[in-house]
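To start, the structure under review is shown below, and the notes come after it.
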Amino acid sequence: MTSFATTRLASGGRSQPLEFDWNVRFTRPATIQAYAYWRSCRGDRPMPRREDLDPRAMRGFSPHVGLIEIRQDLAPHTEYFIRRAGGKWEDVYGPITGRYIHEFLPPEIEPSWRAVFDTVRERMAPVRVRTGIDFQNKTWLTTEMLVAPLGTQERITMLFMTFVAWSTAEFSGETGLS
């Protein structure tokens with residue numbers, strides 16, 4: 001990855017690159033609200049804890065929210081477990097709450113999810129990710145995601161993720177990443 005605020009990563013068999021924006025400039029209402037909420041929960045710490053989140057405070061964007069548990073003691077590499085996937089996630093990916101990413105993602109797509117999650121864990125910082133959807137040939141969909149760490153100053157235990165998908169045909173004139 002480069003040192004620029006915005007980087008592109010082609011990963012695995014993906015037809016579209018992942019665009020990482022470390023300046024977290026969101027364009028969709030749900031990701032804008034979620035990022036503001038994450039920052040308010042964080043306060044003056046590097047990241048909020050899971051206990052800092054209040055589902056009532058997320059009503060305006062709750063269907064877009066997911067929580068990914070980081071499990072490092074179960075395999076030779078880190079495992080990501082979907083503790084909660086909002087309805088908007090499951091509209092695209094089906095029922096994924098309570099599943100590891102390798103249980104529902106095809107092997108050619110799983111590395112992309114890992115690249116996003118691993119990068120946030122390494123940097124211990126939130127990121128805006130934008131890409132097209134390759135899952136089950138839903139290539140007409142574009143997504144913008146907030147992926148942000150939850151945990152203590154020393155250790156990330158979960159990821160707070162907000163997922164917004166829309167038809168590429170709806171995309172016109174947006175000033176997001178280029």
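The values are calculated or read from the model by the stated rules, or taken from the named source; none is laboratory data. Keep in mind that what you see is a predicted model, and the values were worked out from it rather than measured. Positions of Cβ are backbone-derived with ideal geometry, glycine not excepted, and every protein chain shown enters the neighbour counts.
Remarks
- Going through (1) in contact with a Phe, Trp or Tyr (Cβ under 7 Å, 6 or more places away or on another chain); (2) assigned to a loop (DSSP other than H, G, I, E, B) one by one, VAL92 falls short only on (2).
- Scope the stretch 18-36; condition assigned to a helix (DSSP H, G or I) and within 14 Å of VAL147 (Cβ to Cβ); matching residues: ALA30, THR31, ALA34, TYR35
- Note on the stretch 131-154: among residues that are at pLDDT below 90 and among the charged types (D, E, K, R), the one that is nearest to GLU19 (Cα to Cα) is ASP134.
- For the stretch 71-91, a residue qualifies if it is modelled with pLDDT of 95 or more and surrounded by fewer than 20 Cβ atoms within 10 Å (Cβ to Cβ), and the qualifying residues are PHE81, ARG83, ARG84.
- Count of the stretch 122-131 residues which are surrounded by fewer than 19 Cβ atoms within 10 Å (Cβ to Cβ) and either touching a Gly at 6+ places or on another chain (Cβ under 6 Å) or touching a residue at least 40 places away in the same chain (Cβ under 8 Å) (or both): 3
- Residue in the stretch 95-114 that is polar (S, T, N, Q), touching a residue at least 24 places away in the same chain (Cβ under 8 Å) and more than 23 Å from ALA30 (Cα to Cα) present: no
- Qualifying residue in the stretch 47-55 (condition: modelled with pLDDT of 95 or more, farther than 17 Å from ILE156 by Cα and not in a helix (DSSP H, G or I)): yes
- Among residues of the stretch 44-60, those that are without any contact (Cβ under 8 Å) to a residue 40 or more places away in the chain and buried (at least 18 other Cβ atoms within 10 Å of the Cβ), counted: 1
- Annotation note: Cβ proximity below 8 Å between a residue of the stretch 61-73 that is free of Cβ contacts under 8 Å to residues at least 40 places away in the same chain and over 11 Å from TYR100 (Cβ atoms) and a residue that is of a type in the set (Val, Ile, Thr) and outside any strand (DSSP E or B) (sequence gap 6+ or interchain) occurs for GLN72/THR78.
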